[in-house]
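Here is the structure we will look at.
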Amino acid sequence: MNSHSQIGGGTGPARRTESMLRYSPALVLIAVMIADSVRIADPDLYGHLRFGQQILLAARVPRFDTYSYSITGLRWISHEWLSDVLLSWVYLHGGVVGLKLMKLGCTGAIVVLLLEAMRETGASAVTQISIMLVAGIRLSAQMQFRPQIFTYLLLAALLMLLTRDNFRGRAALWTTIPMFALWANLHGGFVIGLGVMGLYAIVRGGQEIAAGRGTARFFHLAAVTSACVVATLLTPYGVGSWLSVFHTIGNPAMLRAINEWQPLLSAMLAEYHSANTLFVYDISMFGIFFGALAAIAFSPSTDDLALIAIAAVLVASAFVQVRNVPLGMMAAMIPLARHATLALRARRTPRSIGAVPPRPISLLGQIILSIAAVALAAETGLFSGTLGLTEPYPSGALAFMRAHGLSGNMLCEYSWNDYVIFHEWPRDKVFLDSRFEMIYPRPIIEAYLAFTFDRAGAAQTLAGFPNDFVLINPTTVAADVMASAAKWTLIYSDSDSFLYARRDSGAARIAGAPVRGTALAPIFP
C-alpha cells in the first residue's frame, strides 16, 4: 500500500528529478546573483561589528552593557553573539570584500538548498528554477549583512531535510540536533525553526497514526524535536538565550518604532504613501504566496500536508511582521513546486507522460548565462570595495567633535546609534541602540520614543537623564523638540545633522558656534 495518502486523483510519492546543478549550473548562478543583488550597510551592521570586535578582544561573551548610559551595567544576554563574532572576524580580515563574499556564500547555499528541496517534490528543473528566480527578487531585499541571514540559511537546510523525509520516508534528521545548537548561538530565529520541527512532527506523525501505521513515526519525530530543544540550551547563556528571545518578541514598543516589525500590509501602505514603491518586490512575493495557494487548490493532495501546514504558518507570520517575509516565501516555494508539478502532470496526455525530460542546457548556453551572471554581479557591486548606505550618517558632526576634543553621553537619532558606537565608543556612549528590544527596559524605550516622536515626556527625557549632547537629523520630529529646548544650544549643523550641547557646558562656548559644516560623503564604514 502506498505510504502517502492522497486526494484528488492519487499522486503517489514524489519522483526525485534531476539536480539543477547538473541541468544548468549557470542558471543556478544567475539565481544566486539575483538573490544576492542588494548589498547595503544596514544601520545594525555597525553595532554587530563593534559587539563582535569586543568579544574577540575580550575572548568572552558580554554579560553586562557598556555601550549605553541609560542602562549602564544592566545584564546583557547576547543571543546573536556568534553572528557578531563571524561578521567582525570576516570584516577584520577581509574588509568589505570579505563581508560580500560571506553573504554571497550564505545566499548561494540558501538557493542550492531550496532547489534541492523542490527537487525532492518531483518538480522538474524548469519548475524549480522558475520559482527560484521569482522568489530571489524579493529575497534579495532582506539578504543583508545581519544575523538574520544565518536563520534563512539554517531554515533552508531544515526545509530541505523535512521535504526529503516527507517524500522519501527517511532523512538524516539527526543532523538537525547540532544544527539547532549552532542556530541558538547565531540568531533568535532558532525558535521559529523549533516551531517548524514541532509542527512537522505533529502533522506528519498524525498522518501515520490516522492511516493505521502506528505511532513509531510520531515518536521518532517527537524525540528528534525534543533533542533539538535541548540542543538550543548549549549556549554561553543556557536558558537565558530563550529568555532574551521572548523579551525581544514580546516587546510592544518595537512594533511602533521599526518598520520590519510591523504588519506587512501596513508597511506596504506606508511605502506607497512615501513614494517608495517596490512593485517588483511585491509582485515577486505575492506571486509565490498566491501561486502556492492556487496550485494547492487546483491539485489538492495530502502527501505533503505537513509541508503545507508549515508554509501556511510562516506565510501568516509574514503578514504579521515584515521581517518574516523571507521565511514565508521559502516555506511556500516547496508546496508551490509540488502542486504546480501535479497540475502540469494532470494536463499531460498519456503519450506525453513518458516523454524524455529536457536535456541539460548546452555548453554554449551555459557560457552565455555565466557571462550574464558575472555582468549582473558587477552591475550590483559585488566586485567593488565599497558598500552602499541606507541613509546619510552624521560623519561631519562626529568629525567636528573629534576636532574639538568633545565626548560624552549622546542622545542620538535611532538609526545613528550603532554608527556612533562603532566609531566613537568608548569615548561616547549612547542613550539607546539597536539592541533596544533585546535588552532595554520598557520605561527607557518609552522615554526614548517620547523624545523621538515629540510625545508627552519628551522634555523629561532631556532633563531626566545625563545627556551631554543631542545628535539628530534636522528633518525629524525631534528637531522640533530641540528648537524649543531652552537649556540646549546648537553648536554644529550641516545638511545631514544637528549637534546640540547643554547651554551651560564648555562645548556651548566653542568659538564660532554654531559652526556650519559640510556633510561628508556617505561611504561605509
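The values are calculated or read from the model by the stated rules, or taken from the named source; none is laboratory data. Since the model is a prediction, treat every value here as computed from it, not as a measurement. Quick reminder, even Gly has a Cβ in these numbers, built from the backbone with ideal geometry, and neighbours come from all protein chains shown. Side chains are part of the model used for accessible areas, which takes the heavy atoms of the whole protein and leaves out ligands, DNA and RNA. Shrake-Rupley method; radii C 1.70, N 1.55, O 1.52, S 1.80 Å.
Before moving on, here are some points about what is shown:
- R0 of 30 Å, Cβ-Cβ distance Ala508-Ala59: FRET efficiency to nearest 0.05: 0.10
- Residues of type lysines that Lys429 reaches as a straight line, Cα spacing below 27 Å, ignoring anything fewer than 8 places off in the same chain: Lys487
- Computed about the Cα centre, the dipole magnitude for segment 429-506 is approximately 240 debye when only Lys and Arg (+1) and Asp and Glu (-1) carry charge, each at its Cβ.
- Taken along the Cα-to-beta-carbon direction at a fixed 7 Å, the label points for Val230 and Arg345 span 3.9 nm.
- Check: segment 290-447 dipole with +1 on Lys, Arg Cβ and -1 on Asp, Glu Cβ, in debye: 900 debye
- Loop-located trypsin sites (Lys or Arg not before Pro) across segment 93-188 with a Cβ neighbour count of 15 or fewer within 10 Å are Arg170, with loop assigned by DSSP.
- Segment 175-199 and segment 27-61 have Cα centres spaced 20 Å apart.
- Partners of Lys100 within straight-line reach, counting aspartates and glutamates whose Cα lies under 18 Å from its Cα and excluding those fewer than 8 residues away in the same chain: Asp36, Asp42, Asp44, Asp84, Glu379.
- Once the C-beta distance of Arg213 and Val313 is scaled by a Förster radius of 22 Å, the resulting FRET efficiency is 0.30 to the nearest 0.05.
- Restriction of the trypsin sites (Lys or Arg not before Pro) in segment 469-514 to DSSP coil positions whose beta-carbon has at most 16 other beta-carbons within 10 angstrom yields Lys487, Arg503.
- Ser19/Thr476 FRET efficiency (R0 45 Å; Cβ-Cβ; nearest 0.05): 0.30
- The chain, relative contact order in percent, only Cα pairs under 8 angstrom and at least six apart counted: 20 percent
- Averaging the sequence gap over all C-alpha pairs within less than 8 Å and six or more residues apart, then dividing by the number of residues, gives segment 335-490 a relative contact order of 16 percent.
- Average accessible area per residue (Å²) across the chain - probe 1.4 Å, nucleic acids and ligands excluded: 41 Å²
- Taken about its Cα centre, the chain carries a charge dipole of about 1380 debye when Lys and Arg each add +1 at the Cβ and Asp and Glu each add -1 at the Cβ.
- Accessible surface of the chain, 1.4 Å probe, proportion on carbon and sulfur as whole %: 66 percent
- Cleavage-rule hits (chymotrypsin sites (Phe, Trp or Tyr not before Pro)) in segment 371-418: DSSP loop, at most 14 neighbouring Cβ within 10 angstrom: Phe383
- Shape category assigned to segment 107-193 from the gyration tensor of Cα positions, a/c cut at 1.5: oblate
- Theoretical ellipticity at 222 nm over the chain - DSSP helices of four or more residues, -39500 (n - 2.57) apiece, nearest 500: -18500 deg cm²/dmol
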